[in-house]
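Here the structure is laid out as structure tokens; the discussion comes afterwards.
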Amino acid sequence: MSTATHTATRTGTWINACPLHRLYPEDGVAVLLPDGRQAALFRTHDDHLYAVDNIDPYTQAAVISRGIVGDRDGQPTVASPMLKHVFSLSTGHSLDDPDIRLTTWPVRVDGTTVQIHTSATEGTP
């Protein structure tokens with residue numbers, strides 16, 4: 001799991017997650033955030049970056065970063081490796097249960113480093 005470092009900006013805090021070249025397409029990496037939560041960081045085949053909660057809301061296991069990346073009707077998705085529930089990478093919403101969603105975080109590339117913003121869009125409690 002990557003441990004993030006902080007970069008403060010006027011608009012909030014961005015943390016360094018990992019070098020871009022270490023995040024392979026269709027692969028995920030777990031990132032420990034400053035508040036103790038875990039994000040699952042993904043790079044899709046078309047080079048879009050997404051960060052969602054690494055905790056599977058169905059099993060409470062920290063496994064989403066090891067999920068199966070794909071798409072459903074053109075929407076980028078990740079399927080949990082545990083029970084195969086599918087989540088939208090862009091919104092965090094479960095495609096199997098409308099009442100469940102993962103937390104999402106903004107992601108950017110700064111030079112050659114992937115960064116995650118610490119302000120999250122909260123998912124299912």
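The values are calculated or read from the model by the stated rules, or taken from the named source; none is laboratory data. Every value quoted in this text rests on a predicted model; they were computed, and no experiment measured them. Here Cβ is always computed from backbone atoms with ideal geometry, including for glycine, and neighbour counts include all displayed protein chains.
What do you reckon, is Val29 touching a Lys or Arg at 6+ places or on another chain (Cβ under 8 Å) and either under 17 Å from Gly92 (Cβ atoms) or of a type in the set (Val, Ile, Thr) (or both)? Spell out the reasoning first.
Numbers: touching a Lys or Arg at 6+ places or on another chain (Cβ under 8 Å): yes; either under 17 Å from Gly92 (Cβ atoms) or of a type in the set (Val, Ile, Thr) (or both): yes.
Yes, satisfied.
Just for the stretch 82-106: of the residues that are buried (at least 18 other Cβ atoms within 10 Å of the Cβ) and among the small types (Gly, Ala, Ser), which one is farthest from Ile15 (Cα to Cα)?
Ser94
Give the stretch 70-124 a look and list any residue that's without any contact (Cβ under 8 Å) to a residue 12 or more places away in the chain and touching a Phe, Trp or Tyr at 6+ places or on another chain (Cβ under 9 Å), or say none.
Within the stretch 70-124, His93, Asp96 qualify.
I'd like to check something: does the stretch 114-122 contain any residue that is hydrophobic (A, V, I, L, M, F, W, C), out of contact with any helix residue (DSSP H, G or I) (no Cβ under 8 Å at 6 or more places or on another chain) and modelled with pLDDT under 95? Quick ask: steps written out before the conclusion?
So in the stretch 114-122, the residues hydrophobic (A, V, I, L, M, F, W, C) come out as 114, 116, 120.
After this cut, where a residue has to be out of contact with any helix residue (DSSP H, G or I) (no Cβ under 8 Å at 6 or more places or on another chain) as well, the list is 116, 120.
Checking which are modelled with pLDDT under 95 leaves us with 120.
Yes, there is a match, as at least one residue in the stretch 114-122 is hydrophobic (A, V, I, L, M, F, W, C), out of contact with any helix residue (DSSP H, G or I) (no Cβ under 8 Å at 6 or more places or on another chain) and modelled with pLDDT under 95.
Can you work out which of the residues in the stretch 16-41 that are in contact with an Asp or Glu (Cβ under 8 Å, 6 or more places away or on another chain) and among the small types (Gly, Ala, Ser) is surrounded by the fewest Cβ atoms within 10 Å (Cβ to Cβ)?
This residue is Ala40.
For the stretch 28-78, which positions are among the charged types (D, E, K, R) and in a helix (DSSP H, G or I)?
In the first step, residues of the stretch 28-78 are kept if they are among the charged types (D, E, K, R); the result is 35, 37, 43, 46-47, 53, 56, 66, 71-73.
Passing the criteria: only Arg66.
Being surrounded by 14 or more Cβ atoms within 10 Å (Cβ to Cβ), modelled with pLDDT under 95 and closer than 17 Å to Cys18 by Cβ is the requirement here; does Thr44 meet it? Give the derivation first.
Details: surrounded by 14 or more Cβ atoms within 10 Å (Cβ to Cβ): yes; modelled with pLDDT under 95: no; closer than 17 Å to Cys18 by Cβ: yes.
So Thr44 fails the test.
Just one of Pro98, Pro81, Pro57 is touching a helix residue (DSSP H, G or I) at 6+ places or on another chain (Cβ under 6 Å) and not polar (S, T, N, Q); which is it? Steps first, answer last, please.
Details: Pro98 fails: touching a helix residue (DSSP H, G or I) at 6+ places or on another chain (Cβ under 6 Å); Pro57 fails: touching a helix residue (DSSP H, G or I) at 6+ places or on another chain (Cβ under 6 Å).
The match here is Pro81.
Given the structure, is Gly92 of a type in the set (Gly, Ala, Ser) and farther than 15 Å from Ser65 by Cα? Break it down into steps so the answer makes sense when it comes.
Values: of a type in the set (Gly, Ala, Ser): yes; farther than 15 Å from Ser65 by Cα: no.
When the stated conditions are applied, Gly92 does not pass them.
Out of curiosity, is Thr104 touching a Cys at 6+ places or on another chain (Cβ under 8 Å), modelled with pLDDT of 95 or more and either of a type in the set (S, T, N, Q) or under 14 Å from Ala40 (Cα atoms) (or both)?
Details: touching a Cys at 6+ places or on another chain (Cβ under 8 Å): no; modelled with pLDDT of 95 or more: yes; either of a type in the set (S, T, N, Q) or under 14 Å from Ala40 (Cα atoms) (or both): yes.
Spelling it out, it is not the case that Thr104 is touching a Cys at 6+ places or on another chain (Cβ under 8 Å), modelled with pLDDT of 95 or more and either of a type in the set (S, T, N, Q) or under 14 Å from Ala40 (Cα atoms) (or both).
Restricting to the stretch 107-119, give me the number of residues that are surrounded by fewer than 19 Cβ atoms within 10 Å (Cβ to Cβ) and in a strand (DSSP E or B).
5
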